[in-house]
1. Out of the range 40-71, which residues are under 26 Å from ARG107 (Cα atoms) and of a type in the set (A, V, I, L, M)?
2. Residues being at pLDDT below 90 and over 13 Å from the mean Cα position of the chain (by Cα): count how many of those fall in the range 29-55.
3. If you go through the range 147-163 one residue at a time, do you hit one that is at pLDDT 80 or above, within 23 Å of THR54 (Cβ to Cβ) and assigned to a helix (DSSP H, G or I)?
Amino acid sequence: MTRMPMLKALDITLIAINAALYAAIGYVLYAIFPFVCPTVGGVRFWPVVVIPATFSVLFGPIVGGGGAAIGIFISDMLIHGDPLLSLTAGVTSNFVCFGLIGYLSHRKFDWKKAFSGLGVGVAILATLGYLVATPENVINYFSTPESTISVEQALWNIFFVLAIFVISYAIVIAVGYVRPKW
């Protein structure tokens with residue numbers, strides 16, 4: 001029977017630092033510069049996710065995932081104060097996401113898989129391009145009798161998703177060239 005390795009004191013310390021940085025910087029950005037953390041459909045676009053992602057890559061999945069889960073819980077309590085929502089949506093998804101980032105970053109990088117993912121990305125870009133060309137389809141889909149969405153809002157949302165997508169792929173390709181052993 002194999003046992004799960006025990007966490008070391010260094011791991012606990014790194015989890016605490018990760019959580020503190022994630023919660024504190026996230027809350028400060030949200031409180032001082034709310035335009036940096038726009039909320040779309042009740043979900044915040046949270047640029048400070050680079051903190052637990054970095055901890056995941058450098059120190060492993062438990063440190064990254066654990067720190068992200070604790071950090072998002074603290075920031076959620078400061079921002080909206082709903083622990084049930086945070087525990088069911090934010091904590092679990094942050095733990096899994098950054099645990100996966102830590103796990104995958106310690107595996108060998110396969111260019112064939114990356115380019116097949118890029119093919120899927122091109123299909124997504126083509127879809128977004130179609131939506132940019134015909135924003136009235138987006139408006140008709142998301143508008144309800146109670147609320148409407150303008151063409152500018154629809155285009156902003158489409159461009160926002162497009163920008164995140166392009167930047168993410170650029171980062172993955174750049175890291176692949178800089179660190180080919182990944």
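The values are calculated or read from the model by the stated rules, or taken from the named source; none is laboratory data. Quantities reported herein were computed from a predicted structural model and do not represent experimental measurements. Here Cβ is always computed from backbone atoms with ideal geometry, including for glycine, and neighbour counts include all displayed protein chains.
1. If the condition is that a residue be under 26 Å from ARG107 (Cα atoms) and of a type in the set (A, V, I, L, M), then VAL48, VAL49, VAL50, ILE51, ALA53, VAL57, LEU58, ILE62, VAL63, ALA68, ALA69, ILE70 are the ones that fit.
2. Matching residues across the range 29-55 total 13.
3. Looking for residues that are at pLDDT 80 or above, within 23 Å of THR54 (Cβ to Cβ) and assigned to a helix (DSSP H, G or I), one finds at least one in the range 147-163, hence yes.
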